[in-house]
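K.L.:
One structure, pasted below without further comment.
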């Protein structure tokens, strides 16, 4: 019996057990503080769906051998351009949403190709270079948002030049997936369309990983020397993984924006990769191994921790607003820091 428990613990992972225990303790505290649990769970499901594809973007990069892709802001920028063009074309509803996705995918594939070539030239330092590249593209596009020739009055500053920092999607495709097919179960609102869209992309990645190209990509990431001996072009497979990761992050930000209700430009995408990395690590992935289950579990655990911990902290420290805000920052960044410390575990 003890051996079986030990094997289960090892398989599930000590870090994940700690995270789950912490989450359960927060749920107990929320009940004691009379915070509506159904609202918290509803919000957790929404945040899981809106962040899920961004977390999924980590899988191809990890399996291709480039490690945790801190460079997903490259894809995020492509997705933002797709969302802005949908507004520029004055589109609404699902037409606007799918147009944004359709535009962002080819843009991100091209960007991902050149990004993959760069990563092939810095083998062994991919995560460091990816972080610099991600920060650089966000900073560069802070200039781009000021000079790109968008003309829609819904996006431009009323005085001066350039695009607004935050652009509302109200009346266009705000929360369109969240509301599609939504229903309540035990007073918990299930965002059916949002979750199905995330699961659909999870299925696409799952199917790709079982294709001939996907299998070759995994082999190249797992053992480059063996893959080369088997006739697999390792550099090409690394580029394929990078392109797929970049494309998923582009789609992910479109879905994130529609669920959030706003498109955020300039410095907003700067640190989005850290939350995605933290989520997949909490889900049980390492810098060499990842699967779809890691994505779903990690996205749910990470977002549930944020959703539940912040109201609890606010309730406990409601008489000291400044401390409540500090507690929210400490909790959210503490979760990311804890996840990052698990990078070496399980390699």
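K.L.:
Could you please find all residues in region 174-233 being in contact with a strand residue (DSSP E or B) (Cβ under 8 Å, 6 or more places away or on another chain) and assigned to a helix (DSSP H, G or I)?
P.N.:
Scanning region 174-233 gives a single hit, 192.
K.L.:
Can you go through 314, 333 and tell me which one is in a helix (DSSP H, G or I), modelled with pLDDT under 85, surrounded by fewer than 24 Cβ atoms within 10 Å (Cβ to Cβ) and out of contact with any helix residue (DSSP H, G or I) (no Cβ under 6 Å at 6 or more places or on another chain)?
P.N.:
Exactly one of 314, 333 is in a helix (DSSP H, G or I), modelled with pLDDT under 85, surrounded by fewer than 24 Cβ atoms within 10 Å (Cβ to Cβ) and out of contact with any helix residue (DSSP H, G or I) (no Cβ under 6 Å at 6 or more places or on another chain), namely 333.
K.L.:
Mind listing whichever residues of region 229-255 are farther than 23 Å from residue 265 by Cα, surrounded by fewer than 24 Cβ atoms within 10 Å (Cβ to Cβ) and touching a residue at least 24 places away in the same chain (Cβ under 8 Å)?
P.N.:
Residues satisfying the conditions are 234, 235, 239, 240.
K.L.:
List pairs: first residue in region 156-172 and free of Cβ contacts under 8 Å to residues at least 24 places away in the same chain and at positive phi, second residue in a strand (DSSP E or B) and surrounded by 15 or more Cβ atoms within 10 Å (Cβ to Cβ) anywhere in the structure, Cβ distance under 8 angstrom, at least six positions apart or on different chains.
P.N.:
162/156
K.L.:
Can you find, within region 173-189, the residue that is farthest from residue 38 (Cα to Cα) among those that are in contact (Cβ under 8 Å) with a residue 40 or more places away in the chain and surrounded by fewer than 16 Cβ atoms within 10 Å (Cβ to Cβ)?
P.N.:
186
K.L.:
Further, regarding this structure: Assess whether residue 274 counts as being touching a helix residue (DSSP H, G or I) at 6+ places or on another chain (Cβ under 7 Å), at pLDDT 85 or above, closer than 22 Å to residue 191 by Cβ and assigned to a helix (DSSP H, G or I).
P.N.:
Taking the combined requirement at face value, the residue does not satisfy it.
K.L.:
Counting only residues that are more than 21 Å from the chain's Cα centre (by Cα) and in contact (Cβ under 8 Å) with a residue 24 or more places away in the chain, how many does region 190-213 have? Working first, answer last.
P.N.:
Here is the first cut: in region 190-213, the ones more than 21 Å from the chain's Cα centre (by Cα) are 210-213.
With in contact (Cβ under 8 Å) with a residue 24 or more places away in the chain added as a condition, the list becomes 213.
Total satisfying the criteria: 1.
K.L.:
Determine whether residue 153 is over 20 Å from residue 79 (Cβ atoms) and in contact with a helix residue (DSSP H, G or I) (Cβ under 6 Å, 6 or more places away or on another chain).
P.N.:
Taking the combined requirement at face value, the residue does not satisfy it.
K.L.:
Determine whether region 155-171 contains at least one residue that is over 30 Å from residue 88 (Cβ atoms), out of contact with any strand residue (DSSP E or B) (no Cβ under 6 Å at 6 or more places or on another chain) and surrounded by 14 or more Cβ atoms within 10 Å (Cβ to Cβ). Break it down into steps so the answer makes sense when it comes.
P.N.:
Of the residues in region 155-171, the ones over 30 Å from residue 88 (Cβ atoms) are none.
No - not one qualifying residue is present in region 155-171.
K.L.:
I'd like to know if region 109-132 contains one or more residues that are surrounded by 15 or more Cβ atoms within 10 Å (Cβ to Cβ), under 16 Å from the mean Cα position of the chain (by Cα), within 22 Å of residue 263 (Cβ to Cβ) and at pLDDT 95 or above.
P.N.:
no
Yes/no matrix, rows are residues, columns are (1) closer than 24 Å to residue 206 by Cβ; (2) surrounded by 22 or more Cβ atoms within 10 Å (Cβ to Cβ); (3) out of contact with any helix residue (DSSP H, G or I) (no Cβ under 6 Å at 6 or more places or on another chain); (4) touching a residue at least 40 places away in the same chain (Cβ under 8 Å):
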| residue | (1), (2), (3), (4) |
| --- | --- |
| 31 | no, no, yes, no |
| 48 | yes, yes, no, yes |
| 51 | yes, yes, no, yes |
| 58 | yes, yes, no, yes |
| 63 | yes, yes, no, yes |
| 90 | no, no, yes, yes |
| 95 | no, no, yes, no |
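The values are calculated or read from the model by the stated rules, or taken from the named source; none is laboratory data. Computed from a prediction, not measured in an experiment: that's the story for all the values here. Glycine gets a Cβ as well: all are built from the backbone with ideal geometry, and neighbour counts include every protein chain shown.
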